[in-house]
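Worksheet: one structure, shown below.
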Amino acid sequence: MSQLSLSDIAVEFGATTLFHDVTFTVGKGDRWGIVGRNGSGKTSLFKIITGTLTPARGAMARTPGLRVSLLDQHRDFGAAVSVWDAAALPYAPVMALELSLAEQAAQLAELGERAPAALLEQYGHDLERFAHEGGYTFHARVDAVLQGLAFDAEESKTRRVATLSGGERGRVGLAAQLVAPADLLLLDEPTNHLDLETTAWLQEYIRELDETVIVISHDRAFLDEIADHVLHLEGGTAETYRGGYSSFVQQRAERRLALERQVDQQRKMIAKEEDYIRRNLAGQNTSQAKGRRKRLDRLPRLTPPPGAGGTMELRLEISERGGDRVISAEALTIAIGNRTLVRDFSATANRGDVIALVGPNGAGKTTLIQTLIGEREAQGGAVKLGGSVTPAYFRQDHDKLPLDSSLYEVIENLRPLWTRGAIQNHLGCFGFSGEEVFRSTRTLSGGERSRLALAVIVLQRANLLVLDEPTNHLDVESIEAIEDAIEDYDGTVLLVSHDRALLRELATRVWAFDGDRLVDFGGTFVDWERQLRDAALARRAADAIASDARRGQEKLRARGNAAAEQKDQAARRAAKKTADNAERAVHDLERKVAELRRALNDPDLYDGSAAKAKQAGKLDKELTAAQRALDDALARWAEVVSHAGRASTS
């Protein structure tokens, strides 16, 4: 069933066409990912869907009464005071109704039998509306979503919104959108302020939703996990693809190759026809030549696939090799106030390492980075940079970029001997062209500030790159440019990122926060993820063994009760039949639980694909349900045996 349909949509701003001929249809329960370069029109597409922007051409059709919830990149919590109230903002009318019902109930209690019929009718009507609009369930839903996004649900009821950091405000805004009653959920860069753990929770939450979801995201691994369709905005229009991000990449490459071949064949055919027309236009075959010329004039020309123009060109070079021991930490302890972030950490970063620094938001990743490169003092132990090691630090907040300079002046101050052309060429490699280079840095968007910071870092030619969330606010093409540049880089990289595709491709080691301990894992990020999955499977197996032992004891106790209590032959036969049926149900469920465990322990299930991940999630839910049913069956069996025993002695 179609919920949303856009046909030949075009958006124009004055004489500039943002995109044209955009057509796609969204069915109920679909999961769409929208990708494209910054400025290609992704957010404008959301505005068309919500009705806040009217297209210049084309038509949009929506299911009547379709409820749309939009998560934009700018969070506004209105008059909400507490974090919980901000997350529950979509239910503000329901909360107001809840207060009204409490007042009505108090008034009815006071009036007793004297309560007028109109007041009773109003109370009944409001009570029915309260139930219909989720009044009995929204409290639990808000609590669950806040907990999943790394907030303490109970503490959130007293914590003030005004105390939140920028990243925390982003997560509260996301919570408000996820709990909102809606048929269509529009998410604009939802993983921007999430760590790896909360991103994994969000994936699972979206997969379990019944609502339709459309996501703008630069997180390739996230899109691979949740999307079953991709809309790619490129070259002023859009193409649709089935499957997740990896499938989109493969299909796009195949389509581009096929189109390039068709364009090449058409060019050859046109050249051949034009040659024939030139040779025969004035000869005895002139009528045929004129006919071919008319057909050629009417022939629609195929457009070549969009090129790589505008893609960020990033090349990371070093001025000197530097020592083999890049960073040495010995019993390093880092604290802020009374809170210890890192305790007794010892490790060595070697030349050529790409180290992924991972941990939940607030664990202390940025503080650790600043300590390692000497920007702040350690509270214990020692840290040392190797000989001839020169670090370059990409800061997440870009607070070292000058605010009162033009882009041109920023580069000119670093390279005063460069010509104007050299400076403009350098900025052009990062997507700033023409008069853009004279813009003030104050006017830059988040993505533009990131590109300028990269343009500055390239000039440092450092042999140690410290990158703190370098992919935030960047489009997929720019992220892939960073990935390619790091792969070709001859230095050492310390990388903080929530982009799992980037970490999987690049990281050769992992430093992972575990409370106040920092674990030095010697394998790749892919190996580290596999170890986490194996540990989770081991915990599940241990829980299953403990559960099996408990059920075994219950079986023995049930059989013992049966032997001791069943004396009367007739009652024993009836009790035995009932107990046999109950025991048979237990055995059937035990077999089902064993089969599900075998399926979940199959290594082929964890190949990293979205389909297998979805299958694993489904099997895990079935196992949980089967175990719960088995527990109930065991309790029923024990109850039947006990009841039969009492009956036989009465």
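The values are calculated or read from the model by the stated rules, or taken from the named source; none is laboratory data. Please read these numbers as outputs of a predicted model, since none were measured by experiment. Reconstructed Cβ throughout: ideal geometry from the backbone, glycine too, with neighbour counts over all protein chains shown. With ligands, DNA and RNA removed, areas are computed over all heavy atoms of the protein, side chains included. Shrake-Rupley method; radii C 1.70, N 1.55, O 1.52, S 1.80 Å.
Below, the figures for the structure above:
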| quantity | calculated |
| --- | --- |
| Isotropically averaged projected area of segment 199-331, using the convex hull of Cα atoms (one quarter of hull area), nm² | 17.2 nm² |
| Portion, in percent, of the accessible area of the chain that falls on carbon or sulfur, probe 1.4 Å | 50 percent |
| Dipole magnitude of the chain about its Cα centre (Cβ charges: Lys, Arg +1; Asp, Glu -1), debye to nearest 20 | 1980 debye |
| At most 10 other Cβ within 10 Å, DSSP loop - trypsin sites (Lys or Arg not before Pro), segment 371-408 | Lys400 |
| Inter-probe distance in nm under a simple model that places probes 7 Å from Cα toward Cβ, at Lys400 and Gln265 | 5.5 nm |
| Fraction of antiparallel bridges per DSSP, the chain only, in percent to nearest 5 | 55 percent |
| Eligible lysines near Lys618 by straight Cα distance, threshold 25 Å, same-chain separation 8 or greater | Lys28, Lys592 |
| Globularity ratio of segment 135-175, using Cα Rg and 2.2 N^0.38 Å | 1.14 |
| Segment 36-166: C-alpha gyration tensor shape, a/c 1.5 cut-off, then a/b vs b/c | oblate |
| Pairwise centroid distance, computed over Cα atoms, of segment 175-192 with segment 334-363, Å | 33 Å |
| Mean-position separation - Cα centroids, segment 235-291 and segment 397-435, in angstrom | 41 Å |
| Per-residue HN-Hα couplings for segment 490-507 [Karplus 6.51, -1.76, 1.60; θ = phi - 60°; Hz; x = Gly/Pro] | 8, x, 10, 10, 10, 10, 9, 7, 9, 7, 5, 4, 5, 5, 5, 7, 10, 5 |
| Gyration tensor (Cα) of segment 426-500, equivalent ellipsoid semi-axes in angstrom | 22, 14, 11 |
| Neighbour cut-off at most 15 other Cβ (10 Å), DSSP loop, trypsin sites (Lys or Arg not before Pro), segment 1-49 | Lys28 |
| Segment 466-515 - Rg and Dmax from Cα coordinates, angstrom | 11.1, 35 |
| Cα coordinate range in the chain, projected on the principal axes (Å, largest first) | 117, 76, 61 |
| Pairs of Cα atoms farther than 17 Å apart, segment 355-479, % | 63 percent |
| MRE, 222 nm, helices only [DSSP H, n ≥ 4, -39500 (n - 2.57), over the chain, to nearest 500] | -16000 deg cm²/dmol |
| Rg to Rh, two decimals, where segment 284-417 supplies the alpha carbon set and Rh follows Kirkwood | 1.37 |
| Rg(Cα)/(2.2 N^0.38 Å) for segment 152-272, N = residue count | 1.49 |
| Qualifying trypsin sites (Lys or Arg not before Pro) in segment 315-375, DSSP loop, other Cβ atoms within 10 Å at most 13 | Arg315, Arg321 |
